[in-house]
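To start, the structure itself, in structure tokens.
The values are calculated or read from the model by the stated rules, or taken from the named source; none is laboratory data. Not measured: the values here are computed from a predicted model. Note that we place each Cβ from the backbone using ideal geometry, even for glycine, and neighbour counts take in every protein chain shown.
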Amino acid sequence: MRRSGRAFVRGLALAGSLAFGLGVSAAQETPVAVAASPIARFDSATPVGGTYGKLVFLGGLTLSSRDKDFGGLSGLRLSDDGRRFTAISDRGNWFRGVIAYDGATPTGVSGVVREPIVGPRGPLPGRRGADTESLEIRGGGAWIASERVHEVLRFALDAEGRAGAGRPIKLPKAVGGAPSNAGYEAIATLSSGALMMIGENYLDAAGNNRAFVVGSKTPFEFAVKRREDFSPTDVARLPGGGFVLLERRYVPPLSLSVRMRRLPEADVKAGAVVDGPVLMEATLSQAIDNLEGVATHRGPDGRTVITAVSDDNFSGFQRTVLLQFALPD
């Protein structure tokens, strides 16, 4: 996936915490050694604990590995306590592991494993079929959307959170009209359990991002207001209600901006244009990279924590960064 356009993880409550993890079988898991370097400042004026926009910077990590398949992370979910993560990559792999903390600040990762995402015909084939971009997990189900092939696979999860082969869900015909390399980087479930899908660069006549709600008795289309040519790259439910939308704008050769917006769920209705306030906006003057995945959880102090991860496109010129912010309620 290009830096200029792109854009799963699930929580299963068990005895007050989430047993987290996805996969085909333990036999297909490959341990991955991942090094983590701390990001102590979001920029020169924002140390850990400092306010940036409407958020508080909690810290971050730069992640690296000698594993040739580590990278390209585009979808992310965390357990309810924020300690276990699951991510998906452009190359059709799951990555699972544990985040360590010092208080509210992330300090490292451990126990990382990689395994292939399996579709109805086996491991997803090649780049075109494996450009897996967005992930959602809820209860005993998980969903993954691919960007180039506009389909959503649903996975049934066992008691340990592992998934077998994903099965495509039924989608409205209009969903398939998205551009090949600018499809559905952002998916999340509504409180009803229906699945919301937001196109990256699939625009309506007014220039807004086309979006769909599927998996309900009556699927429908709505739109997300497009502002300043930012494109959606992921979306996640907020514990207190509504959604955080991660967006990106890239202007070649070196202008990269990212931002987060808060969207109200009550506005997600057929024919509506959904908009919401900006929580933060950042450029390469801050400690960002190509942020493509976002997840949320409640911190130990009760604050909402937003976690973002970057897709390094398997490029030596980019980084995999994991950043965390608190959203004051």
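Observations
- If you go through region 166-176 and keep only what is under 20 Å from ASN93 (Cβ atoms) and surrounded by 16 or more Cβ atoms within 10 Å (Cβ to Cβ), you end up with just GLY166.
- All told, ASP81 meets the bar of being among the charged types (D, E, K, R) and surrounded by 17 or more Cβ atoms within 10 Å (Cβ to Cβ).
- Of the residues making up region 310-322, those that are touching a Ser or Thr at 6+ places or on another chain (Cβ under 7 Å) and not acidic (Asp, Glu) number 5.
- If only residues of region 316-326 that are touching a Leu at 6+ places or on another chain (Cβ under 6 Å) and within 19 Å of THR233 (Cβ to Cβ) are counted, the one that is surrounded by the fewest Cβ atoms within 10 Å (Cβ to Cβ) is THR320.
- Elements of the type strands (runs of 3 or more DSSP E) sitting completely within region 192-278 and holding at least 1 residues that are hydroxyl-bearing (Ser, Thr, Tyr) and surrounded by 13 or more Cβ atoms within 10 Å (Cβ to Cβ): these cover 195-203, 231-237, 243-251, 255-263.
- Residue within region 177-186 that is surrounded by fewer than 17 Cβ atoms within 10 Å (Cβ to Cβ) and outside any loop (DSSP other than H, G, I, E, B) present: yes
- Summed over region 1-58, residues that are under 30 Å from ARG259 (Cβ atoms), aliphatic (A, V, I, L, M) and at pLDDT 95 or above total 10.
- Residue list for region 130-152, restricted to those being part of a strand (DSSP E or B) and either farther than 26 Å from ASN208 by Cα or modelled with pLDDT under 85 (or both): ILE137, ARG138, GLY141, ALA142
- Pairs, first at positive phi in region 236-257, second at pLDDT 95 or above, C-beta under 7 Å, six or more apart: GLY241/GLU265; GLY242/ARG262; GLY242/LEU263; GLY242/PRO264; GLY242/GLU265
- Put simply, of ASN290, ASN313 the only residue that is at pLDDT below 95, of a type outside the set (Asp, Glu) and surrounded by 15 or more Cβ atoms within 10 Å (Cβ to Cβ) is ASN313.
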